[in-house]
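The values are calculated or read from the model by the stated rules, or taken from the named source; none is laboratory data. Note that this is a predicted model, so its numbers are computed, not measured. Note that each Cβ is placed from the backbone with ideal geometry, even for glycine, and that neighbours are counted across all protein chains shown. Surface accessibility is based on the protein's heavy atoms, side chains included, excluding ligands, DNA and RNA. Shrake-Rupley method; radii C 1.70, N 1.55, O 1.52, S 1.80 Å.
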Amino acid sequence: RQALHSGQNQLKEMAIPVLEARACAAAGQSGLMALYEAMFTQYSICAAQILVTNLDFHDEQKRRNLNGTLHELLRMNIVPIVNTNDAVVPPAEPNSDLQGVNVISVKDNDSLAARLAVEMKTDLLIVLSDVEGLFDSPPGSDDAKLIDIFYPGDQQSVTFGTKSRVGMGGMEAKVKAALWALQGGTSVVIANGTHPKVSGHVITDIVEGKKVGTFFSEVKPAGPTVEQQGEMARSGGRMLATLEPEQRAEIIHHLADLLTDQREEILLANKKDLEEAEGRLAAPLLKRLSLSTSKLNSLAIGLRQIAASSQDSVGRGLRRVLRRTRIAKNLELEQVTVPIGVLLVIFESRPDCLPQVAALAIASGNGLLLKGGKEATHSNRILHLLAQEALSIHGVKEAIQLVNTREEVEDLCRLDKMIDLIIPRGSSQLVRDIQKAAKGIPVMGHSEGICHMYVDSEASVDKVTRLVRDSKCEYPAACNALETLLIHRDLLRTPLFDQIIDMLRVEQVKIHAGPKFASYLTFSPSEVKSLRTEYGDLELCIEVVDSVQEAIDHIHKYGSSHTDVIVTENEKTAEFFLQHVDSACVFWNASTRFSDGYRFGLGAEVGISTSRIHARGPVGLEGLLTTKWLLRGQDHVVSDFSEHGNLKYLHENLPVPQRNT
């Protein structure tokens with residue numbers, strides 16, 4: 001149109017209602033290739049143009065020539081730009097699609113791409129669109145859901161929208177072409193090529209196997225997709241929340257009984273995991289993976305604690321009234337506790353985490369998606385089956401789901417419409433990866449457990465070695481194990497200091513010297529590489545400080561706000577430490593290992609949170625609840641309370657019932 005209406009063109013004044021497509025294609029072809037040339041030249045890549053027509057694919061010699069040309073160009077690292085020769089192309093044959101692997105009418109880029117993919121026997125065809133992939137109804141409609149994997153025969157479940165504003169076909173044409181290519185042996189992904197934040201990586205992401213767009217597959221998995229599991233957890237969680245506290249407690253008691261009754265089966269499954277992990281996992285991780293009779297008994301006791309606390313008469317649990325206010329006559333407001341929704345708990349090497357988290361989710365009425373590490377597959381499977389068996393006594397089996405598909409953690413973190421809170425249980429690297437990947441979903445947890453113990457100049461000789469031994473050696477792989485021991489300078493070269501060092505040697509703890517500690521020693525242990533290290537093993541950093549204030553400053557600079565301890569007989573010094581250390585748990589003359597939901601009397605925990613919003617420290621039942629407001633009125637409108645209205649706000653605090661119904 002620009003060419004016709006510019007310069008001295010003799011057609012300038014003529015009204016041309018419809019432009020002839022073939023002539024337009026011929027005029028536009030050079031401009032299109034100039035654009036490709038300009039773009040690829042920036043990356044020092046050559047591009048070549050190949051024009052084909054539908055008839056070329058019906059000529060055996062031409063097909064061989066095309067195949068040879070394309071292979072030769074790719075061998076020379078030249079990118080072929082393949083287009084239909086629209087200047088001479090005949091009209092597309094109607095209704096000739098999908099009548100056999102060798103027949104597809106080339107009438108748009110999608111059908112051309114499918115034809116070329118099969119012709120070249122390619123492994124993968126990526127069809128780029130201006131939407132995220134294939135939806136079950138037109139994108140933008142209220143209930144439209146992205147289909148991650150599409151199978152032949154699923155067309156009936158999809159409602160297609162209008163054709164593309166700028167293309168020849170639309171999503172329906174893309175799906176037809178994709179299915180035809182799939183039938184010919186080529187894998188297909190339809191994805192977004194225009195999204196500014198991802199389009200630069202979309203091709204490499206797909207090739208790396210990341211969950212991008214819609215993947216076309218001929219093989220249906222046996223179980224539900226993770227999206228379907230998310231929906232089941234949501235609806236099951238809502239049903240769970242409607243049960244009476246006594247019914248939820250009954251489910252948890254039943255699960256506790258199953259842990260002891262089915263002990264042999266659980267330990268047998270765990271033995272399989274340990275045998276498969278031998279030689280592949282480090283010793284601390286193997287210890288976390290291992291289950292024992294005593295561990296299962298402790299789990300059962302913890303679960304019964306959760307059941308008891310969830311139906312506490314004071315009401316620590318679900319549907320508890322926190323506040324009542326009379327806004328005006330016959331207008332009363334209540335704030336009540338409610339479940340958060342659907343929790344995604346991702347845990348590594350810790351099968352004992354599954355029943356703990358399941359019990360807390362049941363008590364709080366939350367739906368639960370569990371993603372365990374592959375090293376605990378057998379243990380997790382049987383523990384999940386037992387959880388579902390317990391849930392079945394009140395018909396809410398679907399509330400807890402175990403993700404068994406090979407779903408990447410990064411992909412799970414994108415399910416922001418299905419998941420309300422992510423709780424990672426594992427290494428600091430896992431937590432950091434999840435915090436980075438979770439866009440739009442809050443993450444509860446801590447990335448590191450760098451716990452400190454400060455031994456004050458007025459510490460008791462009898463207490464120090466017991467506390468250090470328990471904090472470091474009782475379970476060094478735990479996140480609440482001691483990692484840095486801060487010693488007051490006055491204690492150096494004293495019997496107390498010698499006792500600490502002797503005890504650590506007996507327990508075979510490797511000592512790393514902090515820079516200040518190393519400066520006092522003629523022959524020092526290996527100097528620490530970083531004062532901000534979580535060893536998770538029988539290793540310990542020792543550093544010297546001059547005062548309680550210096551100890552606090554060190555903790556704030558190098559700690560992770562997890563658990564920090566002071567050992568002293570001076571109450572004033574201890575209180576100063578307790579009030580000024582800004583960590584989730586701060587103790588006086590007690591082991592760091594007390595930082596635990598079970599030991600706090602919470603029954604169990606979903607993790608220890610070092611964040612400052614919602615929940616902090618060991619997170620039990622109460623940390624898995626949020627609130628909502630209930631307002632009960634009688635035809636009240638805001639205008640009645642305006643300057644000229646006839647009602648006044650009362651805002652009277654009302655008593656909260658001690659026993660909630």
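Can we say Ile613 is closer than 30 Å to Ser530 by Cα, in contact with a strand residue (DSSP E or B) (Cβ under 9 Å, 6 or more places away or on another chain) and at pLDDT below 95? Walk me through it before giving the result.
Values: closer than 30 Å to Ser530 by Cα: yes; in contact with a strand residue (DSSP E or B) (Cβ under 9 Å, 6 or more places away or on another chain): no; at pLDDT below 95: yes.
Answer is no for this residue.
Could you list, in sequence order, the residues of the stretch 612-661 that are among the charged types (D, E, K, R) and in a strand (DSSP E or B)?
Of the stretch 612-661, the ones among the charged types (D, E, K, R) are 612, 616, 622, 628, 632, 635, 640, 643, 648, 652, 659.
Hits for the stretch 612-661 are Lys628, Arg632, Glu652.
If a residue has to be in contact (Cβ under 8 Å) with a residue 24 or more places away in the chain and either aromatic (Phe, Trp, Tyr) or farther than 17 Å from Val118 by Cβ (or both) to count, how many in the stretch 56-75 make the cut?
Of the residues in the stretch 56-75, 2 are in contact (Cβ under 8 Å) with a residue 24 or more places away in the chain and either aromatic (Phe, Trp, Tyr) or farther than 17 Å from Val118 by Cβ (or both).
Within the stretch 540-555, track down each residue that is crowded, with 17+ Cβ neighbours inside 10 Å and not in a helix (DSSP H, G or I).
Within the stretch 540-555, Leu540, Cys541, Ile542, Glu543, Val544, Val545 qualify.
Take the residues in the stretch 371-394 that are at pLDDT 95 or above and among the hydrophobic types (A, V, I, L, M, F, W, C), then tell me which one is farthest from Ala249 (Cα to Cα).
Across the stretch 371-394, the extreme among qualifying residues is Ile382.
Open to solvent by less than 50 Å² (accessible area, probe 1.4 Å), acidic (Asp, Glu) and not in a loop (DSSP other than H, G, I, E, B): does that describe Glu483?
Values: open to solvent by less than 50 Å² (accessible area, probe 1.4 Å): yes; acidic (Asp, Glu): yes; not in a loop (DSSP other than H, G, I, E, B): yes.
Answer is yes for this residue.
Would you check if there is a residue in the stretch 449-457 being farther than 15 Å from Tyr558 by Cβ and within 41 Å of the chain's Cα centre (by Cα)?
Pass one, the stretch 449-457, residues farther than 15 Å from Tyr558 by Cβ: 455-457.
Now restrict to residues that are within 41 Å of the chain's Cα centre (by Cα): 455.
Checking the stretch 449-457: at least one residue is farther than 15 Å from Tyr558 by Cβ and within 41 Å of the chain's Cα centre (by Cα).
Can you spot a residue in the stretch 523-536 that is farther than 24 Å from His556 by Cα and out of contact with any strand residue (DSSP E or B) (no Cβ under 9 Å at 6 or more places or on another chain)?
Checked the stretch 523-536: at least one residue is farther than 24 Å from His556 by Cα and out of contact with any strand residue (DSSP E or B) (no Cβ under 9 Å at 6 or more places or on another chain).
Tell me, yes or no, whether the stretch 288-304 has at least one residue that is of a type in the set (Gly, Ala, Ser), closer than 22 Å to His378 by Cβ, touching a Phe, Trp or Tyr at 6+ places or on another chain (Cβ under 9 Å) and touching a residue at least 24 places away in the same chain (Cβ under 8 Å). Before you say what the answer is, go through the steps one by one.
Initially, the stretch 288-304 is screened for residues of a type in the set (Gly, Ala, Ser), giving 290, 292, 294, 298, 300, 302.
Checking the rest, the ones that are also closer than 22 Å to His378 by Cβ come to 290, 292, 294, 298, 300.
From what is left, the residues that are touching a Phe, Trp or Tyr at 6+ places or on another chain (Cβ under 9 Å) are 298.
Among the residues that remain, those that are also touching a residue at least 24 places away in the same chain (Cβ under 8 Å) are: 298.
Yes, there is a match, as at least one residue in the stretch 288-304 is of a type in the set (Gly, Ala, Ser), closer than 22 Å to His378 by Cβ, touching a Phe, Trp or Tyr at 6+ places or on another chain (Cβ under 9 Å) and touching a residue at least 24 places away in the same chain (Cβ under 8 Å).
Which of the residues belonging to the stretch 514-529 are open to solvent by less than 50 Å² (accessible area, probe 1.4 Å) and within 38 Å of the chain's Cα centre (by Cα)? Before you say what the answer is, go through the steps one by one.
Here is the first cut: in the stretch 514-529, the ones open to solvent by less than 50 Å² (accessible area, probe 1.4 Å) are 514, 517-518, 525, 528.
Across the stretch 514-529, the qualifying residues are Gly514, Val528.
Could you please give the count of residues in the stretch 443-476 that are in a loop (DSSP other than H, G, I, E, B) and farther than 30 Å from Leu415 by Cβ? Don't jump to the end; show me each part of the working.
Step one: list which residues in the stretch 443-476 are in a loop (DSSP other than H, G, I, E, B), which gives 444-450, 456-460, 474-476.
Narrowing further to those that are farther than 30 Å from Leu415 by Cβ: 450, 456-460, 474-476.
Here the count works out to 9.
Look through the stretch 438-484, keep the residues that are among the small types (Gly, Ala, Ser) and in contact with a strand residue (DSSP E or B) (Cβ under 7 Å, 6 or more places away or on another chain), and return whichever of them is farthest from Val357 (Cα to Cα).
Pass one, the stretch 438-484, residues among the small types (Gly, Ala, Ser): 438, 440, 445, 447, 449, 457, 459-460, 471, 477-478, 481.
Now restrict to residues that are in contact with a strand residue (DSSP E or B) (Cβ under 7 Å, 6 or more places away or on another chain): 438, 445, 457, 459, 471, 481.
Values: Ala438: 20, Gly445: 14, Ser457: 41, Ala459: 38, Ser471: 25, Ala481: 21 Å.
Applying the filter and picking the extreme gives Ser457.
At pLDDT below 85, open to solvent by less than 50 Å² (accessible area, probe 1.4 Å) and within 22 Å of Pro224 (Cα to Cα), is that true of Asp154?
Against the criterion (at pLDDT below 85, open to solvent by less than 50 Å² (accessible area, probe 1.4 Å) and within 22 Å of Pro224 (Cα to Cα)), Asp154 qualifies.
For the stretch 45-77: of the residues being loosely packed, with under 14 Cβ neighbours inside 10 Å and among the aliphatic types (A, V, I, L, M), which is nearest to Lys121 (Cα to Cα)?
Filtering first and then ranking leaves Leu74.
Using beta carbons and a limit of 8 Å, which pairs, at least six apart or on different chains, have the first residue in the stretch 376-404 and surrounded by fewer than 17 Cβ atoms within 10 Å (Cβ to Cβ) and the second one β-branched (Val, Ile, Thr)?
These pairs meet every condition: Ile393/Ile251.
Out of (1) open to solvent by less than 30 Å² (accessible area, probe 1.4 Å); (2) in the same structural domain as Lys374 (by the TED database), the odd one out for Thr465 is which?
(2)
Does Gly623 satisfy being at positive phi, of a type in the set (Gly, Ala, Ser) and in contact with a Lys or Arg (Cβ under 9 Å, 6 or more places away or on another chain)?
Numbers: at positive phi: no; of a type in the set (Gly, Ala, Ser): yes; in contact with a Lys or Arg (Cβ under 9 Å, 6 or more places away or on another chain): yes.
Against the criterion (at positive phi, of a type in the set (Gly, Ala, Ser) and in contact with a Lys or Arg (Cβ under 9 Å, 6 or more places away or on another chain)), Gly623 does not qualify.
Only one of (1) part of a helix (DSSP H, G or I); (2) crowded, with 21+ Cβ neighbours inside 10 Å; (3) charged (D, E, K, R) is not met by Lys371, so which one is it?
(1)
How many residues does the stretch 496-512 contain that are in contact (Cβ under 8 Å) with a residue 12 or more places away in the chain and under 17 Å from Glu474 (Cα atoms)? I'd like the intermediate steps shown before the answer.
At the first step, the residues of the stretch 496-512 found to be in contact (Cβ under 8 Å) with a residue 12 or more places away in the chain are 496, 499-500, 503-504, 507-512.
If we keep only those that are under 17 Å from Glu474 (Cα atoms) as well, we get 500, 503-504, 507-511.
So the count comes out to 8.
Is one or more of the residues making up the stretch 608-618 farther than 18 Å from Gly449 by Cα, out of contact with any His (no Cβ under 9 Å at 6 or more places or on another chain) and not assigned by the TED database to the domain that holds Asp470?
Checked the stretch 608-618: at least one residue is farther than 18 Å from Gly449 by Cα, out of contact with any His (no Cβ under 9 Å at 6 or more places or on another chain) and not assigned by the TED database to the domain that holds Asp470.
The rows are residues; the columns are (1) in contact with a Cys (Cβ under 7 Å, 6 or more places away or on another chain); (2) under 14 Å from Met453 (Cβ atoms); (3) touching a residue at least 12 places away in the same chain (Cβ under 8 Å).
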residue: Thr494; (1), (2), (3): no, no, no
residue: Tyr520; (1), (2), (3): no, no, yes
residue: Gly536; (1), (2), (3): no, no, yes
residue: Val548; (1), (2), (3): no, yes, yes
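Free of Cβ contacts under 8 Å to residues at least 60 places away in the same chain, under 21 Å from Thr194 (Cβ atoms) and either buried (at least 21 other Cβ atoms within 10 Å of the Cβ) or of a type in the set (A, V, I, L, M, F, W, C) (or both) - does that describe any residue in the stretch 117-133? Walk me through how you get there before you give the answer.
The initial filter retains those residues of the stretch 117-133 that are free of Cβ contacts under 8 Å to residues at least 60 places away in the same chain, namely 120.
Subset that is under 21 Å from Thr194 (Cβ atoms): none.
Within the stretch 117-133, not a single residue is free of Cβ contacts under 8 Å to residues at least 60 places away in the same chain, under 21 Å from Thr194 (Cβ atoms) and either buried (at least 21 other Cβ atoms within 10 Å of the Cβ) or of a type in the set (A, V, I, L, M, F, W, C) (or both).
Which one is most open to solvent (accessible area, probe 1.4 Å), of the residues in the stretch 572-594 that are touching a Gly at 6+ places or on another chain (Cβ under 7 Å) and of a type in the set (Gly, Ala, Ser)?
Step one: of the stretch 572-594, the residues touching a Gly at 6+ places or on another chain (Cβ under 7 Å) are 583-585.
With the extra rule that they be of a type in the set (Gly, Ala, Ser), the set shrinks to 583-584.
Numbers: Ser583: 13, Ala584: 29 Å².
Of everything passing the filter in the stretch 572-594, Ala584 is most open to solvent (accessible area, probe 1.4 Å).
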